[in-house]
Structure formats: structure tokens, C-alpha cells
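Have a look at the structure below, then the notes.
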Amino acid sequence: MEQAKREAVANQALIRPMSVQDIPQVMEVEHTSFTVPWTSDAFLNELNNNRFACYLVLEIEGRIAGYAGMWMIVDEAHVTNIAIYPDDRGHGFGELLLGELVRQALAMGMRKMTLEVRESNHIAQGLYRKFGFEPAGVRKGYYTDNQEDAIIMWSDLYQWSAESSS
């Protein structure tokens with residue numbers, strides 16, 4: 001994303017840690033984004049019981065327009081989900097959230113980041129490639145709604161720590 005556009009998008013949005021109070025709005029984003037959405041109990045469990053989890057929300061004018069989450073285990077971060085409310089897509093908010101996940105992972109000493117993405121989701125794959133993610137394998141029939149394969153992607157986070165220190 002060009003610098004001027006990145007700054008304009010960032011000025012519209014506030015990214016902060018997800019709280020239990022955010023779950024009802026997160027569920028609205030979840031249900032409009034996924035055919036097999038997580039439950040509110042799943043998010044509650046992640047926030048209250050998973051010490052390896054980091055979940056963020058993106059607010060625009062006081063409402064939650066998106067969220068992202070990851071698990072951090074040893075030196076690897078696993079992106080669990082990124083979602084933007086449909087009306088807010090195409091404005092760079094997903095890029096902001098993924099960038100913040102990368103920053104958080106680096107701050108916690110993570111060296112690599114991984115995720116699964118639907119084989120048909122070329123828009124998400126393009127976003128992930130901007131962050132150095134490359135395909136590394138396939139999980140056959142990973143998505144339970146239609147048995148679609150997931151592409152496993154990995155990124156070496158050192159490239160981002162080198163850029164941020166220069």
C-alpha cells in the first residue's frame with residue numbers, strides 16, 4: 001500500500017486488544033465473513049483461557065470493523081483468523097491488522113508466522129504475500145463446509161524485524 005494511502009487508512013482506524021465486551025460485535029463480523037463461524041464461547045475461551053493467544057480488534061468511529069488473532073507457541077505465530085466486516089473491505093484494514101499481528105509476534109520473539117487460507121481465496125493470498133507468506137503445503141479437505149483444501153503459508157519474520165530496525 002502506498003505511504004499516503006496507508007497513513008489515511010491508519011488515521012481512520014484504532015487497533016487495540018480484543019476484550020470480552022467486544023465479542024457481540026466481533027460475532028457480527030464473524031457471521032458475515034465465514035460460512036462456519038466460530039462461536040462466542042470460542043472467543044471467550046481464547047480471551048480467558050489461552051495464554052498463547054493474542055486477539056485484536058480494529059475500530060472505526062467506535063464500532064468494530066474487523067479483528068485478527070494468533071497463537072504464539074515457542075518461536076512460531078499461527079494466525080487463527082482475520083476478518084473485516086464486508087462494508088469495510090477493500091480499504092486496507094486487513095493489511096493494518098496483519099501488520100499489527102506481525103509487530104506483536106516480533107515483540108514476543110516469534111521467528112516465523114503461519115496460517116491456512118482457502119485455496120479459492122485469492123484476495124487473502126495476495127494480502128499474505130505482501131507480508132512474505134509463501135505456500136508450503138496443502139491441507140486436503142480442511143474446510144468443513146465444502147471440503148475445500150487449505151493452502152498452508154509461512155513467512156519468515158526476520159525480514160520484518162530487519163526492515164523495522166533500518
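The values are calculated or read from the model by the stated rules, or taken from the named source; none is laboratory data. Not measured: the values here are computed from a predicted model. Positions of Cβ are generated from backbone atoms using ideal geometry, with glycine treated the same way; all protein chains shown enter the neighbour counts.
Hey, can you tell me all the residues within segment 48-77 that are acidic (D, E) and either at pLDDT below 95 or farther than 16 Å from R111 by Cα (or both)?
E59, E61, listed by residue number.
Go over the candidates G132, G137 one by one and state the one that is more than 22 Å from P37 (Cα to Cα), small (G, A, S) and part of a loop (DSSP other than H, G, I, E, B).
Every option except G132 fails the conditions.
Let me confirm something: among V138, V74, which residue is surrounded by fewer than 18 Cβ atoms within 10 Å (Cβ to Cβ), on the phi > 0 side of the Ramachandran plot and of a type outside the set (G, A, S)?
V74 is the lone residue from the list that is surrounded by fewer than 18 Cβ atoms within 10 Å (Cβ to Cβ), on the phi > 0 side of the Ramachandran plot and of a type outside the set (G, A, S).
Against the conditions (1) buried (at least 18 other Cβ atoms within 10 Å of the Cβ); (2) without any contact (Cβ under 8 Å) to a residue 40 or more places away in the chain; (3) not in a helix (DSSP H, G or I), where does A83 fall short? Just the number, please.
So A83 meets the others, but not (2).
Which numbered condition in (1) surrounded by 15 or more Cβ atoms within 10 Å (Cβ to Cβ); (2) among the aromatic types (F, W, Y); (3) over 13 Å from the mean Cα position of the chain (by Cα) is the only one that F34 fails?
Just one mismatch for F34, condition (1).
Looking at this structure, is Q125 touching a residue at least 24 places away in the same chain (Cβ under 8 Å) and either outside any helix (DSSP H, G or I) or crowded, with 16+ Cβ neighbours inside 10 Å (or both)?
yes
What's the number of the only condition in (1) in contact with a Lys or Arg (Cβ under 9 Å, 6 or more places away or on another chain); (2) surrounded by 13 or more Cβ atoms within 10 Å (Cβ to Cβ); (3) on the phi < 0 side of the Ramachandran plot that N45 fails to meet?
Here N45 clears every test but (1).
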